[in-house]
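**Q** First the structure, then my questions, so here it is.
The values are calculated or read from the model by the stated rules, or taken from the named source; none is laboratory data. Keep in mind the model is a prediction, meaning the values are calculated, not measured. Positions of Cβ are backbone-derived with ideal geometry, glycine not excepted, and every protein chain shown enters the neighbour counts. The protein model used for the area step is the full one, side chains on, heavy atoms only, and it has no ligands, DNA or RNA in it. Shrake-Rupley method; radii C 1.70, N 1.55, O 1.52, S 1.80 Å.
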Amino acid sequence: GGLGRQFDGIGAVSGGGATSRLLVNYQEPYRSQILDYLFKPNFGASLHILKVEIGGDGQSTDGTEPSHMHYENDENYFRGYEWWLMKEAKKRNPKIKLIGLPWTFPAWIGRGENWPYDYPDVTAYYVISWILGAKQYHDLDIDYVGIWNERAFSSKYIKLLRYTLDKHGLQQVRIIASDRLWEPISFVLLLDSELHGVVDVIGAHYPGTKTVPNALLTKKKLWSSEDYSTFNDEVGAGCWARILNQNYVNGNMTSTIAWNLVASYYEQLPFGRCGLMTAQEPWSGHYKVEAPIWITAHTTQFTQPGWSYLQVDGHLEGGGSFVALTDGLGNLTIIIETMTHNHSHCIRPPLPYFSVTPQRATFYLRGSFYMVETLQVWYSRLGFESGNSSLFEQLHPVKVWKGSFSLDLNVDEVYTLTTLKTGQKCGCPEPPPPQPFPSNYKDDFNIRNPPFSEAPNFADQTGVFEYFINASDPGDHVFTLRQVVVQRPITWASDADQTISLIGNFQWMNMTVTCDIYIEKQRDGGVFIAGRVDNGGIYVRRTKGVFFWVFADGTYRVTGDLAGEEILMKGLSGVRDNTWHTLTLNIQGTSASGLLNGYPLWENVTVSKPSNGWAAIGTRSFEFAQFDNFHVE
């Protein structure tokens, strides 16, 4: 039947949000090993596409990612870690495709409204600045740009974005819309020929391997531009194996992009370990190459963007699916999966029941493939009952006899049969064993040229905390950590009304947190230190813990929640703005006490719930404030 659609590649998302937070401060050689498993061709996941968040200072699932423009007159293309990650990916695979997509936007984009489309020229200018900055400062060519993750699109804005891209010589940057559902974007593209002319790819999220008639009628490339999002055990690997094939077989999708690339965020945040691999312990160097990495390799190591799918039915009689692809130069790759229903649930959408049984499948090679004599074989079996899986193992080649061969397929297996001889399963040395977060941890933030804009291990959940040089301070507080988001961003999730950054071990119960603090906002400014903090990510508004607040009006409070509604103690402290003070919070069992500048300020406050959690710092509102000499024990 000739060629089907052109294959656009398999990828993963860093961001949406802060999913790579803990990756950056892994020591070598472990950090490079992790990056090799993700990006190095013919090594591990060998990804074709890296999609990153265009940070907008707002909470986007597991934290906030900093914007390149916190304020209207501000531009900085060295914040956060996505620039670094894109460069590391390109270093390993110069052909990798790069995608940028915003989840949130700084407040000034909306001129006071929680909406990015009232001033579409401003939003387009902001997004294009990011693309130009990628090139100017990092020599990165962005291949695709999205609109607004899982939120409304504006046809006027998309057209203006295309116009502005072209005006800046960025004709090669393609537009994906709308990173939500197939509708209404497909229907609107059919109605609006001008919009049809500027959108290159329809990207849908968690499509459940299905598309809709309107999407097919547009004749556009169809992508699952975010998918997977599933705990990375064997069931997660089964989910990933199934959708990598069936997104094309059932839904004509020519690219599938996993959220997320690597689970490098505290595991107790939302969607813990929903990455293709796990690297959440920079303090120990421990990481884990999970089964989804090797499931990815079954496709990525034997195909490239620009190959074409063959027009095959793709459904196996006994259940399961197969796809076949060619480079047009005589190479052929066939990928088969036989995932059973209960072993391949993705987190969403619900999966209707289907059955898969062991079967013998016979494949017939015709046309130019009739001459193929042998196919290399790579094999995985996800072991559920036995608990031991075979992952990406090379078997003996299959002999093709007069254009056909047969395979005995069992359930929960993946086969790749290919003319390519380049596949490789690397044998890196074992990473160090896991260790809990250090029980005695200090950071004085005294670093003149930090490699990243944020201090290691701090996971911002509302607001952005950055290294700061206090040029006016002659004393001990030249180098500090500063909260810099001063207006509520255009949000994607429910950011808190306070800013907060978490650190440490979620299992901690008894702890002493000490930090020097500096309130910059006069009259109603305020800051806190906290322990036993129990929540973050998209649930940050409901965070509980033990919070010790001081305010610029000279009062203090102790509360059981971030919102400050559950007041356990309050009184006068004498704290003033624009001067340094030292706060100490001590929590032992059901009792907490607080010190100001080394002297007891309050004691014997009863705390019951939560019984454990992270340490944290933060501010009363979106306001400037500084922190120094952080210490938790």
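**Q** Can you pull out the residues in region 261-296 that are small (Gly, Ala, Ser) and in contact with a Lys or Arg (Cβ under 7 Å, 6 or more places away or on another chain)?
**A** 263, 264
**Q** Any residue in region 270-281 that's closer than 17 Å to residue 240 by Cβ and of a type in the set (Ser, Thr, Tyr): show its pairings with residues that are assigned to a loop (DSSP other than H, G, I, E, B) and modelled with pLDDT under 95 at Cβ separation under 8 Å, as long as the two are six or more apart or on different chains.
**A** That search, which allows pairs on different chains as well, returns nothing.
**Q** Moving on. Look at region 26-66 and say how many of its residues are free of Cβ contacts under 8 Å to residues at least 60 places away in the same chain, surrounded by 24 or more Cβ atoms within 10 Å (Cβ to Cβ) and more than 13 Å from the chain's Cα centre (by Cα).
**A** Going through region 26-66 one residue at a time, the tally reaches 1.
**Q** Do you know which of the residues in region 67-96 that are of a type in the set (A, V, I, L, M, F, W, C) and under 16 Å from the mean Cα position of the chain (by Cα) is farthest from residue 463 (Cα to Cα)?
**A** Among residues in region 67-96 that are of a type in the set (A, V, I, L, M, F, W, C) and under 16 Å from the mean Cα position of the chain (by Cα), the one farthest from residue 463 (Cα to Cα) is 89.
**Q** Is it true that some residue in region 163-182 is within 23 Å of residue 351 (Cα to Cα) and surrounded by fewer than 17 Cβ atoms within 10 Å (Cβ to Cβ)?
**A** Checked region 163-182: at least one residue is within 23 Å of residue 351 (Cα to Cα) and surrounded by fewer than 17 Cβ atoms within 10 Å (Cβ to Cβ).
**Q** Please verify whether residue 594 is open to solvent by 10 Å² or more (accessible area, probe 1.4 Å), under 21 Å from residue 554 (Cβ atoms) and in contact with a strand residue (DSSP E or B) (Cβ under 8 Å, 6 or more places away or on another chain), treating the condition exactly as stated.
**A** The answer is no for residue 594.
**Q** Now for a different question. Since residue 241 meets every condition but one in (1) assigned to a strand (DSSP E or B); (2) touching a helix residue (DSSP H, G or I) at 6+ places or on another chain (Cβ under 6 Å); (3) of a type outside the set (Asp, Glu), which condition does it not meet?
**A** (1)
**Q** Another question, then. Scanning for something assigned to a strand (DSSP E or B), of a type outside the set (A, V, I, L, M), at pLDDT 95 or above and over 12 Å from residue 416 (Cα atoms), does region 325-338 turn up at least one residue?
**A** So far as region 325-338 goes, yes, one or more of its residues are assigned to a strand (DSSP E or B), of a type outside the set (A, V, I, L, M), at pLDDT 95 or above and over 12 Å from residue 416 (Cα atoms).
**Q** Run down 490, 469, 517, 500 and say which single residue is outside the structural domain of residue 26 (by the TED database), over 24 Å from the mean Cα position of the chain (by Cα) and within 27 Å of residue 77 (Cα to Cα).
**A** One residue alone meets the criteria, 469.
**Q** Quick check on my filter: what residues within region 192-238 are over 25 Å from residue 151 (Cβ atoms), open to solvent by less than 10 Å² (accessible area, probe 1.4 Å) and of a type in the set (A, V, I, L, M, F, W, C)?
**A** Within region 192-238, 237 is the sole residue that qualifies.
**Q** Those residues that are at pLDDT 95 or above, small (Gly, Ala, Ser) and surrounded by fewer than 16 Cβ atoms within 10 Å (Cβ to Cβ), I need them from region 399-438; list them, please.
**A** Hits for region 399-438 are 403, 404, 406.
**Q** Please verify whether region 16-31 includes one or more residues that are part of a strand (DSSP E or B) and modelled with pLDDT of 95 or more.
**A** No: region 16-31 contains no residue that is part of a strand (DSSP E or B) and modelled with pLDDT of 95 or more.
**Q** Could you list, in sequence order, the residues of region 468-495 that are among the β-branched types (Val, Ile, Thr), over 16 Å from residue 618 (Cα atoms) and touching a residue at least 40 places away in the same chain (Cβ under 8 Å)?
**A** 490, 491
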